[in-house]
Amino acid sequence: MARNKSIVLLSAGHACVDVYQGSVAALVPFFVAERAYTYAAASGIVLAASLLSSVAQPLFGALTDRRAMPWLLPVSTILGGLGIALSGLSGSYALTLLFVAVSGIGVAAYHPESARVARLASRGSHRAMGWFSLGGNVGFALAPLMVAAVVATGGLRFTPLLVLPALVGSVLCLPVLRALERSGGSGSSGGQRAGDDDVASFVKLSLAVVCRSITFVGLSTFVAFYAAYRTGGGTAAGSAALFVLYLGGAVGTLLGSRLAGRRDRVTVVTGAYLMTVGAVAGLVFVPGPVIYLFVALTSIGLYVPFSLQVTLAQDYLPSRVGTASGVTLGLTVSVGGLVSPLIGKVADATSLRTALAPLILMPALAWLLFRTLPEPAVPKSVTREEPAATGGRSG
């Protein structure tokens with residue numbers, strides 16, 4: 001199978017999985033409206049989806065470093081969809097937490113192995129990895145629309161219909177897995193290369209991703225409520241803000257991979273985080289419909305670094321690609337879900353604006369961390385389409 005075809009299928013499958021990550025936040029307003037949850041209780045649902053995922057994803061990454069498990073792609077896709085499909089069927093808060101946690105485990109199992117397979121299929125190309133990441137962003141963007149179309153018409157009892165993307169995504173994985181078997185590229189060393197690990201830079205990168213995660217998950221949990229309040233609109237105004245937040249991620253991912261063809265990745269990511277500081281400040285403090293502009297700018301600023309951080313992590317830990325993918329796509333990203341209940345408690349005690357204001361500091365901290373990072377040197381054995389891959393500051 002041609003490389004481009006494999007990346008397209010992986011990107012489409014990625015969209016089908018990440019639609020469930022986006023669905024958790026998209027379902028929160030409906031849980032609040034139908035079950036009268038508080039902000040803190042609603043953010044606990046996001047926490048349930050993130051908690052097990054944050055622990056499980058690096059573990060799955062370590063497992064894929066030892067042995068390739070491409071069969072995880074269709075299995076984890078089904079698991080992610082099944083959890084969301086069942087989440088609206090029970091009025092029990094405990095069962096709702098359990099089902100979204102099951103979905104989180106499915107997402108956790110998917111990302112490290114899919115990132116390994118994508119790296120193998122892309123031969124290390126930043127642009128191809130950008131297209132793979134774009135699929136996840138598209139899934140996020142479609143989540144509020146899909147949830148609104150299904151749940152707004154029939155209530156939470158219609159959530160079983162949300163399993164359909166999982167069925168599609170699992171089927172899309174199959175041609176890629178067959179191509180891997182034919183090429184013999186599914187072994188444990190597939191997609192990895194020899195090299196010295198730069199653990200110190202990887203830790204700094206991971207801390208920056210934590211700061212990004214806190215900002216993004218905090219906003220994805222509460223931006224629907226905040227936009228509805230600041231614009232005087234209802235649920236539709238909130239769903240529109242969430243859609244803009246996720247759609248801006250798709251734009252940011254493509255922009256980041258394109259900019260990486262002109263400048264080194266560290267420079268691109270550093271500039272993106274600096275822009276995000278002002279964008280988040282505008283989102284929090286500027287009233288009226290212009291909030292949608294700042295939501296879009298915030299999303300773009302947070303997602304320009306997304307796929308570049310994954311390839312940077314893999315280049316900082318070239319001997320443990322699965323672990324690097326699991327940490328950057330899982331553990332550090334899921335930390336935002338652990339912080340969101342705290343944001344909810346502050347919002348219950350004060351106001352949403354007060355609770356969201358500290359998020360302005362997070363991209364500023366990420367900017368400071370990236371200013372100290374080197375651009376890792378990439379050996380000639382690793383193919384790159386972009387000239388900047390071996391340029392910039394040497395590691």
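The values are calculated or read from the model by the stated rules, or taken from the named source; none is laboratory data. None of the values given here were measured: they were computed from a predicted structure. Glycine gets a Cβ as well: all are built from the backbone with ideal geometry, and neighbour counts include every protein chain shown.
Yes/no per residue for (1) surrounded by fewer than 19 Cβ atoms within 10 Å (Cβ to Cβ); (2) touching a Pro at 6+ places or on another chain (Cβ under 9 Å); (3) assigned to a helix (DSSP H, G or I); (4) not hydrophobic (A, V, I, L, M, F, W, C):
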| residue | (1), (2), (3), (4) |
| --- | --- |
| Phe202 | no, no, yes, no |
| Gly238 | no, yes, yes, yes |
| Arg258 | yes, no, yes, yes |
| Ala279 | no, yes, yes, no |
| Gly282 | yes, no, yes, yes |
Those residues of the stretch 180-200 which are assigned to a loop (DSSP other than H, G, I, E, B), crowded, with 18+ Cβ neighbours inside 10 Å and modelled with pLDDT of 70 or more, in sequence order: Asp198
Asn4 passes all but one of (1) within 13 Å of Gly80 (Cα to Cα); (2) more than 21 Å from the chain's Cα centre (by Cα); which number fails? (1)
Cβ pairs under 9 Å, 6+ apart, first in the stretch 62-88 and farther than 15 Å from Gly104 by Cα, second hydrophobic (A, V, I, L, M, F, W, C) and not in a helix (DSSP H, G or I): Leu63/Met69
Restricting attention to the stretch 76-90, which residues are closer than 19 Å to Ala148 by Cβ and of a type in the set (S, T, N, Q)? Ser87
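Please work out if Gln57 is closer than 27 Å to Ala347 by Cα and buried (at least 23 other Cβ atoms within 10 Å of the Cβ). Don't jump to the end; show me each part of the working.
On the way: closer than 27 Å to Ala347 by Cα: no; buried (at least 23 other Cβ atoms within 10 Å of the Cβ): yes.
So Gln57 does not fit the description; no.
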Residues that are over 20 Å from Ser6 (Cβ atoms), modelled with pLDDT under 80 and part of a helix (DSSP H, G or I): does the stretch 146-163 have at least one? no
Every listed condition ((1) in contact with a helix residue (DSSP H, G or I) (Cβ under 6 Å, 6 or more places away or on another chain); (2) surrounded by fewer than 20 Cβ atoms within 10 Å (Cβ to Cβ)) holds for Ser92 save (1)
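Do any helices (runs of 4 or more DSSP H) entirely within the stretch 33-134 hold 2 or more residues that are under 16 Å from the mean Cα position of the chain (by Cα) and modelled with pLDDT of 80 or more, and if so, which? Don't jump to the end; show me each part of the working.
On the way: elements: 39-66, 72-87, 93-122.
It comes to 72-87, 93-122.
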Can you confirm whether the stretch 320-335 contains a residue that is surrounded by fewer than 19 Cβ atoms within 10 Å (Cβ to Cβ) and charged (D, E, K, R)? no
